[in-house]
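Structure first, commentary second.
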Amino acid sequence: MTAPAPTESSADLLAVSSLCEAFQNTVAARGDATALRTVGGGVTISWREYGERVRRVAAGLAALGVGRGDTVGIMLVNRPEFSIVDTAALHLGATPFSIYNTSSPEQIAYLFGNAGNRLVVTEQAFVDQIRAAGTDVETIVSVDGGDGTVSLDDLEGRGDPGFDFDASWRAVGPDDVLTLIYTSGTTGPPKGVEITHANMIEQIRMCQARLAGSPDDRLLSYLPAAHIADRWGTHYTSMVMGCQTTFCPDPREVAAALPDAKPTAWGAVPRVWEKIKASLEAHGITDPAALPEETRAGVRALLGLDEMRWAVSGAAPIAPSVLEYFSALGFTVCELWGMSELSCCATMNPPDDIRVGTVGTALPGVELRLADDGELLVKAPTVMRGYRNDPDRTAETIDADGFLHTGDIATIDDDGYVTIVDRKKELIINSAGKNMSPANIEQTVKASSPLIGQAICIGDRRPYNVALLVLDPDFSAAYAEKAGLTDTSAAALARDPGVQQVVADAVASANQRLSRVEQIKRYTILPVDWEPGGDELTPTMKLRRRPIADKYATEIEALYAAGDDEA
């Protein structure tokens, strides 16, 4: 399944100076087409209605004092109101930004302090969190109303009839800051990545050259809007292309939402691909290549992905076996690599020449270079303006030649295909001086059994590797039901002999695919769940390695105290 070549019309759509101009062009061209909808179609908004509501919300925000250069906080689940509010703020020359819904009051206080916003748009479920943060926010707009907040309906009615909306959006230029993306903060406080309108227009242009989109595309928004992937992949791309976006408010329900949204282009993080694969395997689909094409087509239809032209995987490494499984099912899944500081993607596998195990080649306009220590450096028109209010860390990240120092160790082959080894600061160097990628080891372990939800490999300056394992709550619950277990808590399942045997077999299987020095010599199954946004995982499911090492120091030391005769 090969994606079509980019069309001349897509280049025309990108001949704009701001996302505001792109949006207005789309509203004029796609008026009656559906722009935003909820799963099931209970809410359906056309491009014309979208444009009218953006005009009213912009006027309402202006009446509350929001203007050019101001910031607007957004704390919402994936719902149409996000797009309406975010786009309205852009039309004022303001900078809307999202925060993760799992943010604690302390985290909210830090982010709002850095952004300097005086207004936040949220929903009742998060109002108490925001109030507990004790920030300088003056106005809370709640899309579903509530005491002490301004309702969205009220906001839309507050605008001054004399407000010059057209003059406002036409004044927005390519160098204005489009949004702030707060990094996940695996090793310290989040940094506010400033992305301009020009950055994102170039990002979409680059991706169009690799994976051409169409106004008739259907997209599914389920990843947090605080993550650059959802903003690029659904919000901004649809503003330019005129696509239809379906909103799934709970990312855990994405599998149920797919048959309704029927996306023609889709993206997922590795854990989503892993869970879909494990679910299909649990239903007996273990070798897609052995199935007749008619059966494979039926599986694609069951998933709601039978009209998908291509998909992408990113944000973390994915096991080659997972990509090979979906390729055998007839899917074109292009692994990509990027980061918030690059406005999203910098490399991507071409759909007609995918090389599993790599993150593809540089997108058009991207220049790659390897430093002496193997760190990947990137120069592109998508490199961020800088970190908000942090010139020192900006200067540390972007050198005098304009290259962004990514922190990733990589290799580049003769054909330009990039392979990410690991994060520069996360490489394991054991006591014998052997270098290893913990991410590679961890994905091999997780791919060995759907029961293993998370794995973290420990071994830096140690004689051998050990691991902390956490059970996947969905598949451990299914295992418990099948085994007739009454206590389905994480603690009980971690002690269950049957679970322990499945995990032991999985680790042994993983070790067979690892070199001797990489193998896991000892491990423990933790009697807990790790939730996104908690102590152990960022909201985008990245491991918080240093906090994990500190929190579970006793368990780690016990693994080494037990010794290993084979090490």
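The values are calculated or read from the model by the stated rules, or taken from the named source; none is laboratory data. Being a predicted model, the structure only gives us computed values, none of them experimental. In this analysis, Cβ positions are derived from the backbone assuming ideal geometry, glycine residues included, and neighbour counts consider all displayed protein chains. Note: accessible area is taken over every heavy atom of the protein model, side chains too, but ligands, DNA and RNA are not part of it. Shrake-Rupley method; radii C 1.70, N 1.55, O 1.52, S 1.80 Å.
Could you tell me whether the range 133-151 includes any residue that is assigned to a helix (DSSP H, G or I) and more than 18 Å from residue 191 (Cβ to Cβ)? Lay out the reasoning, then the answer.
Just the residues of the range 133-151 that are assigned to a helix (DSSP H, G or I), to begin with: none.
So far as the range 133-151 goes, no, none of its residues is assigned to a helix (DSSP H, G or I) and more than 18 Å from residue 191 (Cβ to Cβ).
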* Quick one: which of 505, 529 is within 26 Å of residue 428 (Cα to Cα), open to solvent by 30 Å² or more (accessible area, probe 1.4 Å) and touching a Pro at 6+ places or on another chain (Cβ under 7 Å)? -> 529
* Structure fact -> Of the residues in the range 88-114, those that are more than 21 Å from the chain's Cα centre (by Cα) and either among the hydrophobic types (A, V, I, L, M, F, W, C) or in a helix (DSSP H, G or I) (or both) come to 88, 89, 90, 92, 94, 105, 106, 109, 110, 112, 113, 114
* Would you point out the residue of the range 267-290, among those that are in contact with a Gly (Cβ under 9 Å, 6 or more places away or on another chain) and free of Cβ contacts under 8 Å to residues at least 60 places away in the same chain, that is nearest to residue 442 (Cα to Cα)? => 268
* Structure fact -> Per the filter on the range 204-227, residues open to solvent by less than 20 Å² (accessible area, probe 1.4 Å), touching an Asp or Glu at 6+ places or on another chain (Cβ under 7 Å) and in a loop (DSSP other than H, G, I, E, B) are none
* To do: Inspect the range 466-480 for any residue being of a type in the set (Asp, Glu), modelled with pLDDT under 90, outside any strand (DSSP E or B) and in contact with a Pro (Cβ under 9 Å, 6 or more places away or on another chain) and give the result as yes or no.
  => yes
* Structure fact -> Pairing a residue in the range 408-432 that is touching a residue at least 40 places away in the same chain (Cβ under 8 Å) and closer than 21 Å to residue 342 by Cβ with any residue that is among the small types (Gly, Ala, Ser) and surrounded by fewer than 20 Cβ atoms within 10 Å (Cβ to Cβ), where Cβ atoms lie under 6 Å and the two sit 6 or more apart in sequence or on different chains, gives 421/437; 424/407
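Please verify whether residue 549 is surrounded by fewer than 16 Cβ atoms within 10 Å (Cβ to Cβ), more than 19 Å from the chain's Cα centre (by Cα) and modelled with pLDDT of 95 or more, treating the condition exactly as stated.
On the way: surrounded by fewer than 16 Cβ atoms within 10 Å (Cβ to Cβ): yes; more than 19 Å from the chain's Cα centre (by Cα): yes; modelled with pLDDT of 95 or more: no.
For residue 549, the condition - surrounded by fewer than 16 Cβ atoms within 10 Å (Cβ to Cβ), more than 19 Å from the chain's Cα centre (by Cα) and modelled with pLDDT of 95 or more - is not met.
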* Across the range 522-567, what is the total count of residues that are in contact (Cβ under 8 Å) with a residue 24 or more places away in the chain and over 27 Å from residue 252 (Cβ atoms)? -> 12
* Take the range 448-477 and flag every residue that is among the charged types (D, E, K, R), out of contact with any Ser or Thr (no Cβ under 7 Å at 6 or more places or on another chain) and open to solvent by 10 Å² or more (accessible area, probe 1.4 Å). => 460, 474
* To do: Scan the range 496-519 and report the pairs whose first residue is within 24 Å of residue 486 (Cα to Cα) and whose second residue is aromatic (Phe, Trp, Tyr), with Cβ atoms within less than 9 Å and a gap of 6+ or a chain change.
  => 496/479; 498/479; 499/479; 502/479; 503/523; 504/523
* To do: Can you confirm whether the range 92-99 contains a residue that is under 29 Å from residue 37 (Cα atoms), modelled with pLDDT of 95 or more, open to solvent by less than 50 Å² (accessible area, probe 1.4 Å) and out of contact with any strand residue (DSSP E or B) (no Cβ under 6 Å at 6 or more places or on another chain)?
  => yes
* Asked: Can residue 145 be described as on the phi > 0 side of the Ramachandran plot, in contact with a strand residue (DSSP E or B) (Cβ under 7 Å, 6 or more places away or on another chain) and not polar (S, T, N, Q)?
  -> yes
* Could you list, in sequence order, the residues of the range 379-401 that are open to solvent by less than 70 Å² (accessible area, probe 1.4 Å) and of a type in the set (S, T, N, Q)? -> 382, 394, 397
* Asked: Does residue 22 satisfy the criteria of being under 25 Å from the mean Cα position of the chain (by Cα), closer than 19 Å to residue 214 by Cβ and aliphatic (A, V, I, L, M)?
  -> yes
* To do: Filter the range 228-251 for residues that are open to solvent by less than 10 Å² (accessible area, probe 1.4 Å), assigned to a helix (DSSP H, G or I) and touching a Phe, Trp or Tyr at 6+ places or on another chain (Cβ under 6 Å) and give the result.
  => 239
* Just for the range 300-322: of the residues that are open to solvent by less than 10 Å² (accessible area, probe 1.4 Å) and more than 17 Å from the chain's Cα centre (by Cα), which one is farthest from residue 261 (Cα to Cα)? -> 319
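Listed here are the residues, each with its yes/no results for (1) among the charged types (D, E, K, R); (2) under 23 Å from residue 75 (Cα atoms); (3) open to solvent by 60 Å² or more (accessible area, probe 1.4 Å); (4) in a helix (DSSP H, G or I).
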residue	(1), (2), (3), (4)
160	yes, no, yes, no
181	no, yes, no, no
193	no, yes, no, no
198	no, no, no, yes
202	yes, no, no, yes
* What are the pairs, 6+ residues apart or on separate chains, where a residue within the range 107-127 that is farther than 19 Å from residue 181 by Cβ has its Cβ under 7 Å from a residue that is of a type in the set (Lys, Arg)? -> none
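Residues are listed down the side, and each one gets a yes or a no for (1) farther than 30 Å from residue 497 by Cα; (2) at pLDDT 95 or above; (3) open to solvent by 50 Å² or more (accessible area, probe 1.4 Å); (4) of a type outside the set (Gly, Ala, Ser):
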{"site": "367", "(1), (2), (3), (4)": "yes, yes, yes, yes"}
{"site": "407", "(1), (2), (3), (4)": "yes, no, no, no"}
{"site": "425", "(1), (2), (3), (4)": "yes, no, yes, yes"}
{"site": "432", "(1), (2), (3), (4)": "yes, no, yes, no"}
